[in-house]
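Notes for the one structure printed next.
The values are calculated or read from the model by the stated rules, or taken from the named source; none is laboratory data. Predicted model only: the values in this text are computed from it and were never measured. Neighbour counts run over all protein chains shown; Cβ positions are idealised from the backbone, glycine included. When the accessible area is computed, the model is the full protein with side chains, heavy atoms only, and any ligands, DNA or RNA have been set aside. Shrake-Rupley method; radii C 1.70, N 1.55, O 1.52, S 1.80 Å.
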Amino acid sequence: QVQFVESGGGLVQPGGSLRLSCAVSGGIDGIHIMNWFRQAPGKQRELVATITSGFSTSYTDSVKGRFAISRDNAKNTVYLRMNSLKPEDTAVYYCNSWPERDWGQGTQVTVSS
């Protein structure tokens, strides 16, 4: 059974960087599409970044040029590198496949001075 475990969040000042990790138990080789989502307090969950098995990527407009998604199939891990962080990036970040599976616990990212 595929499960997702997110890590790497924390408190960072505006302009700072973080790298989130998503460990995929059950293996990532057979998963064509992996996504990172985020959910801010009082808001709906939104799709942030996507990577395919062919390593094609796409991003929501608000993070283009600042975030980078990657995957390491040998380590069964998907990453989200986040640079130039802004207060509006504050949210719980989740990874999931498409089609979606059970959600993990997420990792909290707080951008504040």
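Residues are listed down the side, and each one gets a yes or a no for (1) under 22 Å from residue 26 (Cα atoms); (2) at pLDDT below 95; (3) of a type in the set (S, T, N, Q):
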{"position": "81", "(1), (2), (3)": "no, no, no"}
{"position": "87", "(1), (2), (3)": "no, no, no"}
{"position": "96", "(1), (2), (3)": "yes, no, yes"}
{"position": "112", "(1), (2), (3)": "no, no, yes"}
Query raised in the report: If residue 62 satisfies every condition in (1) of a type outside the set (Lys, Arg); (2) touching a helix residue (DSSP H, G or I) at 6+ places or on another chain (Cβ under 8 Å); (3) within 17 Å of residue 102 (Cβ to Cβ) but one, which is the exception?
Result: (3)
**Report entry** Lone qualifier among 50, 60 - being in contact with a strand residue (DSSP E or B) (Cβ under 8 Å, 6 or more places away or on another chain), of a type in the set (Ser, Thr, Tyr) and open to solvent by less than 30 Å² (accessible area, probe 1.4 Å)
**Finding:** 50
Requested in this report: Can you tell me which residue within the range 74-108, out of those that are more than 13 Å from residue 37 (Cα to Cα), outside any strand (DSSP E or B) and without any contact (Cβ under 8 Å) to a residue 60 or more places away in the chain, is least open to solvent (accessible area, probe 1.4 Å)?
Outcome: 76
Query raised in the report: Quick check: is even one residue across the range 44-51 touching an Asp or Glu at 6+ places or on another chain (Cβ under 8 Å), hydrophobic (A, V, I, L, M, F, W, C) and part of a strand (DSSP E or B)?
Result: no
Report summary line: Among 17, 53, the single one that is of a type in the set (S, T, N, Q), more than 30 Å from residue 87 (Cβ to Cβ) and out of contact with any Cys (no Cβ under 6 Å at 6 or more places or on another chain) is 53
Report task. Check residue 31 against each of (1) at pLDDT below 95; (2) open to solvent by 30 Å² or more (accessible area, probe 1.4 Å) and name the one condition it does not meet. Result -> (2)
